[in-house]
Amino acid sequence: MSDSTDIPTLRKILKQVSTIAVVGLSANWYRPSYFAAKYMQEHGYRIIPVNPAYENQEILGERCYARLSDIPEKIDLVDCFRKSETIEPLAQEAIDIGAKVLWLQLGVENEKAEVLAKEAGLEVVRDRCVKIEHGRLFGGLNWVGVNTKVISAKKPQWLP
């Protein structure tokens, strides 16, 4: 299954969501999950950590939950920093909690989970980093010489 998520769809997703559950978020500052979540938090998103190893502890100033189903508030996007083989139950949990988007990080692919989520009406993004896509689409990467493949004469679109 190839990723057909185009630039307008990614931009729409990142503009519409506000609360992101990061499954597999580590409390270690040097882990990619921490770095990506911190970036998104600094850009106005509410980050909810999900990791049974840190249950009831705080990561990035937010209470960490063991499972998506434990979170007592509405989640827009489920960002998965887990092994590909563990994604199918997470997709079902994302459906059960009423999430709008299932986002599979770089290197994470699970066709059954993607089909399950899409059939339930969720948008699915696979094999992409939410932090990289945000920076690419809203003007954060081009300042360091990265080819973002987004050409525009307009001022970068920063989220409020």
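Every number here is computed from the coordinates shown, using simple stated rules; none is lab data. Because the structure is a prediction, the values reported are computed rather than measured. Neighbour counts are summed over all protein chains in view; Cβ atoms, including those assigned to glycine, are modelled from backbone coordinates with ideal geometry.
Please list, short to long, the whole-number percent of alpha-carbon pairs of segment 7-131 in consecutive 5 angstrom bins beginning at zero.
2, 12, 25, 26, 22, 10, 3, 0
Give me, ordered by chain and number, the residues 5 or more places off Cys129 or on other chains with an amide H under 5 Å from its own placed amide H.
Those qualifying (amide H under 5 Å, at least 5 residues apart or on another chain) are Leu106.
How much FRET efficiency would the formula 1/(1 + (r/R0)^6) give for Tyr30 and Arg67, where r is the Cβ-Cβ distance and R0 is 22 Å, rounded to 0.05?
Taking R0 as 22 Å, the efficiency between Tyr30 and Arg67 is 0.30.
Go through Lys83/Lys112; Lys12/Lys131; Lys74/Lys112; Lys12/Lys100; Lys15/Lys83 and tell me which ones have a Cα-Cα distance over 19 Å in this structure.
Check vs 19 Å cut-off fails for Lys74/Lys112; Lys15/Lys83.
Say R0 is 25 Å: what FRET efficiency, to the nearest 0.05, do Glu42 and Thr9 get from their beta-carbon distance?
0.60
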